[in-house]
Amino acid sequence: MKKVQRLNSGWKVRKLESHGRLQPQDVSRLSMDTSSGLEDWIPTDMPAEIHDVLLTAGLIENPAMKGSFGETTWVSECDWVYRNTFVSHKDARRFFLHFKGLDTLVDVYLNEEHIAFHNNIYLPLRVDVTGKLGDTNNLLLHFHSP
């Protein structure tokens, strides 16, 4: 029997200066550390587009309001990292991560291992992670500035 575990809650997001693929030490630090002097992580639920996260957190004005679009252009010029920790259920033989809409360019890391790159919001991404899950797992999505 197929079981589905949704990862809609418990996410956190933060800004990164734009750059290429993360180095292993960066992935480790971003996956685990909550007090490394980095900007504060913003809690959110998924799915959530970064402008909506920042608007809900009161960090930007609504870009749809007349005259405020220019004040939020910096958002698309930065990279953004979303992370979540989840417990896996060991009663299945196969495990997949299924993403229904990853916008722009994104690297996906599971337990500090790069498992996928995706660049098409119109196509879902499905990654077989059988054998890659522990009891507790760290999922990191690095969205690159276009």
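PHE117 meets all of the listed conditions (1) in contact with a Leu (Cβ under 8 Å, 6 or more places away or on another chain); (2) open to solvent by 50 Å² or more (accessible area, probe 1.4 Å); (3) in a loop (DSSP other than H, G, I, E, B) but one, namely (3). There is no residue in segment 79-94 that is outside any strand (DSSP E or B), within 16 Å of ALA48 (Cβ to Cβ) and at pLDDT below 95.
Pairs are defined by a Cβ separation below 8 Å, a sequence spacing of at least 6 or placement on different chains, a first member in segment 96-109 that is in contact (Cβ under 8 Å) with a residue 60 or more places away in the chain, and a second member that is of a type in the set (A, V, I, L, M, F, W, C) and open to solvent by 50 Å² or more (accessible area, probe 1.4 Å); the pairs so defined are ASP107/PHE117. Every condition in (1) open to solvent by 30 Å² or more (accessible area, probe 1.4 Å); (2) not in a loop (DSSP other than H, G, I, E, B) is met by VAL75 except one, and the failing one is (1). For ASP91, are the conditions met, namely being of a type in the set (Asp, Glu), more than 16 Å from LEU7 (Cβ to Cβ) and open to solvent by 30 Å² or more (accessible area, probe 1.4 Å)? Here the answer is yes, as ASP91 does meet what is asked.
The values are calculated or read from the model by the stated rules, or taken from the named source; none is laboratory data. Source: prediction; values computed, not measured. We place every Cβ from the backbone using ideal geometry, glycine too, and count neighbours over all the protein chains shown. Just so you know, the surface numbers come from the protein's heavy atoms only, side chains and all, with ligands and any DNA or RNA stripped out. Shrake-Rupley method; radii C 1.70, N 1.55, O 1.52, S 1.80 Å.
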